[in-house]
Structures are given as C-alpha cells and as structure tokens.
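Bear in mind these aren't lab numbers, they're just calculated from the coordinates by the rules spelled out. Keep in mind that this is a model prediction, so the values were computed, not measured. Don't worry about glycine lacking a Cβ; one is built from the backbone with ideal geometry, like all the others, and counts go over all protein chains shown.
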Amino acid sequence: MDDELAALGRFSSEMELMLRSLRARPPGGAGVLATMPTMPIDWPTLLAVAQRNGVLAPLHGGLAGEAGVPQDVTRRLEKHVEANAARNRHLLAELSSLLDVLERRGVDVIPFRSSAVASPLAEIVDLDLLVRRRDVGAAARVLLELRFEPEVPLGTAEAASVLRTGFARKFVGPQRVVVSLQWAVAPAAERMGSRLERLLAMRTTVSMGERTVSSLAPPAMLHLLCLRGTLNRWHRLTWVRDVAGLLARMTAEEEELAWAQARATGSARAVGLG
C-alpha cells in the first residue's frame, strides 16, 4: 500500500502524510514518518488541509509518538483534541436533552451519526436530525420552544414551500448549537428514487454515551453516507472515513442489502463511488 500511495504522484507530501497517518498502523509497525519518501513537510499546510477535511483530531492519533513532528505542531493538535472532546461532550448533552423532549412530544426523529457525537475524535459541525416530512412542523415547534431560532426566518408560505421542495432547515440554539432538521436527501437524489423516508424505515438501536437511541440500520446508513458524499463531490476526507469505518463493521449480508437497495433506487453509482 505504501508503494501504491507513493505511485500517486499527484499527492503533495502533506496530503500523503495525512493519508498515511489516518490508516491503521499494525502493532510494532514503523512510524508514519519513517515510511514517507524523503520530502519536506510544510506543517502549517498539513494542519490546514486536515482541518478543512475534518480530520485534525484523528491526525493527532496517527502522529502520536512520532519523533519528527515539531513540538508546536504536537501542542496545537493536543489543544485541538481537548477542545474537540469538550465540544462533543456539550453536543452530546444538548442532543440527549433534545431527544428527551422530542420523545415526550411523540416526535419520531433519528439522530444521524449519533454514535459519532459521543466520540472525542469525531469532528461534528451540526446535529443532524432525520425526520419524516409530516413531522417537520412538530419538530420545529419543539426547537422554537427551546429557544432555537431558524437560521433563515421564513413566513408560513415560504416554510410550506421549503418543506415541499427542499430537504432541510437549520436552527441555532442559545449556545450556538446548530440543529439541522432533514426530511429528504436532496432533490437530485429524490428524483433518482432515493427517498429518506424509505431509509428511515430501516432502523436499529445504537449506544450514544450512556443511552440507547434509534439509528439507521447499516445498509441504510451506508446508502445515505454515499449519497451525501457523491452529491457533495466527496470534498471532505472525514466522509470517506465514515464510510470506511461503517464498512469495517458491516456483515456481507448487510453489504448485499445495501447494494440491492442502491440498484433498486438507481443510485448504485453513488454507492459504488463511496
């Protein structure tokens, strides 16, 4: 694999080091820097690229113990991991409280990538809640009661139009926590036949911190991750890591079910790209 990476000459030394650092290192294996071709590393560029791809925290783990990493880079990564872990603890508490209220109101939602929120290494931007179109109004009312404000205020007619033709609305909480209500994948995916409501019917339960919550079943999760990545041109490496991590946990039967679903909805190419 190292030779294959080296053969991909289009990668800069910073991108190549980032990719190598994010791969699982075999026990007793050589350090990441020891496997690198002799090329200078622009460390500020490496950190900027990792941040843009949402993988600064995992990069810290991949470079841990490497003698050739400058001390200021190590300190910055350590500070980022600490801050990211603190943010995720806050997001986890906010999400747990929100789910309690929604459950009491009888609003059925599924937190997307719920187990990631509980991980100190996951870099979470928004709290994504998957919801059926018919429940969007009830979920929005709960958010408003909890002092969340629409990121884009809409009148009644505008909100109805967005619900009919759009796929998500964002709400910003008192502590700048952003919750995204999502009732469709995207118009392009809907036209292909990949409807979120079909995926929501395929569910399981997972651990999220100290509680158990509903989650998409692995085939549905894979389908949605690949659709999102393809529609957004896979411009963030963290999305690729999400797919790789999910595939590592899936059974052969689950993978086949995901492929069957993709073929049935005309989205096999999107899933294949993932």
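Bin width 5 Å, alpha-carbon pairs only: give the P(r) of the chain as whole percents, running from 0 to the bin holding the largest distance.
So the P(r) values, bin by bin, are 1, 5, 11, 14, 16, 15, 14, 10, 7, 4, 2, 0, 0.
Report ³J(HN,Hα) in whole Hz for each residue of region 207-215, in order, from the Karplus equation J = 6.51 cos²θ - 1.76 cosθ + 1.60 where θ = phi - 60°; Gly and Pro get x.
7, 10, x, 9, 10, 10, 10, 6, 8
Could you work out how far helix 136-145 tilts from the main Cα principal axis of the chain, as a 0 to 90 degree angle to the nearest 10?
Its long axis makes an angle of about 80 degrees.
Report the paramagnetic label zone for ALA85: residues of region 141-177 whose backbone N is under 18 Å from a point 7 Å from Cα along the Cα-to-Cβ axis.
Output list for this probe position: empty.
Antiparallel DSSP bridges in the chain: what percent, to the nearest 5?
Numbers: 16 of 20 bridges.
Around 80 percent antiparallel, to the nearest 5.
I need the phi-derived Karplus couplings for region 102-110: 6.51 cos²θ - 1.76 cosθ + 1.60, θ = phi - 60°, integer Hz, Gly and Pro marked x.
Residue by residue, region 102-110 yields 4, 5, 5, 7, x, 9, 8, 10, 10 Hz.
What is the angle, in °, between the Cα long axis of helix 252-264 and the longest principal axis of the Cα atoms in the chain? Nearest 10 is fine, range 0 to 90.
60 degrees
Compute the distance from the alpha-carbon center of region 220-252 to that of region 127-159, in whole Å.
If you average the Cα positions of each part, the centres end up 27 Å apart.
Given R₀ = 30 Å, FRET efficiency for ARG176-ARG198 by Cβ-Cβ distance, to 0.05?
Details: r = 33 Å, r/R0 = 1.12.
Computed FRET efficiency for ARG176 and ARG198: 0.35.
Output the 0 to 90 degree angle, nearest 10, between the alpha-carbon long axis of helix 237-249 and the longest principal axis computed from the alpha carbons of the chain.
In the chain, helix 237-249 runs at an angle near 80 degrees to the longest axis.
Are there trypsin sites (Lys or Arg not before Pro) in region 99-180 that DSSP puts in a loop and that have at most 10 other Cβ atoms within 10 Å, and which ones?
Of the trypsin sites (Lys or Arg not before Pro), the ones in loops of region 99-180 whose Cβ has at most 10 other Cβ atoms within 10 Å are ARG176.
Could you list which residues have their amide H under 5 Å from that of VAL178, counting only those 5 or more apart in sequence or on another chain, with H placed in the peptide plane?
LEU127, GLY173
Out of PRO219, PRO37, PRO111, any idea which swings most in a Gaussian network model of the chain, alpha carbons joined below 10 Å?
The residue with the greatest mean-square fluctuation here is PRO37.
Quote the relative contact order of region 97-158 in percent (integer), defining contacts as alpha-carbon pairs under 8 Å separated by 6+ residues. Provide the component values of the computation, followed by the final result.
Details: 30 pairs, mean separation 20.2, N = 62.
Computed over region 97-158, the figure is 33 percent.
Counting other beta carbons within 10 Å of each residue's own, what order do PHE171, PHE112 fall into, fewest first? Mind showing how you got there, number by number?
Numbers: PHE171 24, PHE112 20.
Starting with the residue having the fewest Cβ neighbours, the order is PHE112, PHE171.
Using Cβ counts within 10 Å as a stand-in for footprinting exposure, how do SER114, SER97 rank, fewest first? Please list the in-between numbers first.
Details: SER114 26, SER97 11.
Listed from fewest to most nearby Cβ atoms, that is SER97, SER114.
Order by neighbour count: MET36, MET18, fewest other Cβ atoms within 10 Å first, most last.
MET36, MET18
Taking θ = phi - 60°, what integer Hz values does the Karplus form 6.51 cos²θ - 1.76 cosθ + 1.60 yield along region 56-71, in sequence order, with x for Gly and Pro?
Karplus values, whole Hz, x for Gly and Pro: 4, 5, x, 4, 4, x, x, 9, 4, x, 6, 5, x, 7, x, 4.
With labels modelled as points extended 7 Å from the Cα through the Cβ direction, what inter-label distance (nm, one decimal) is found for SER97 paired with ARG23?
Once both label points are built, they end up 4.4 nm from each other.
Return a whole-number percent for the relative contact order of the chain, with Cα pairs under 8 Å and 6 or more residues apart as the contact set.
Numbers: 325 pairs, mean separation 39.0, N = 274.
Value for the chain: 14 percent.
Among TRP234, GLY61, PRO44, which residue has its Cα furthest toward the positive end of the charge dipole of the chain, with +1 on Lys/Arg Cβ and -1 on Asp/Glu Cβ?
Of the listed residues, the answer is TRP234.
For the pair LEU144 and ALA48, what calculated FRET efficiency results from E = 1/(1 + (r/R0)^6), where r is the Cβ-Cβ distance and R0 = 41 Å, to the nearest 0.05? Intermediate results must be reported in sequence, preceding the final value.
Values: r = 37 Å, r/R0 = 0.91.
Efficiency at R0 = 41 Å is approximately 0.65.
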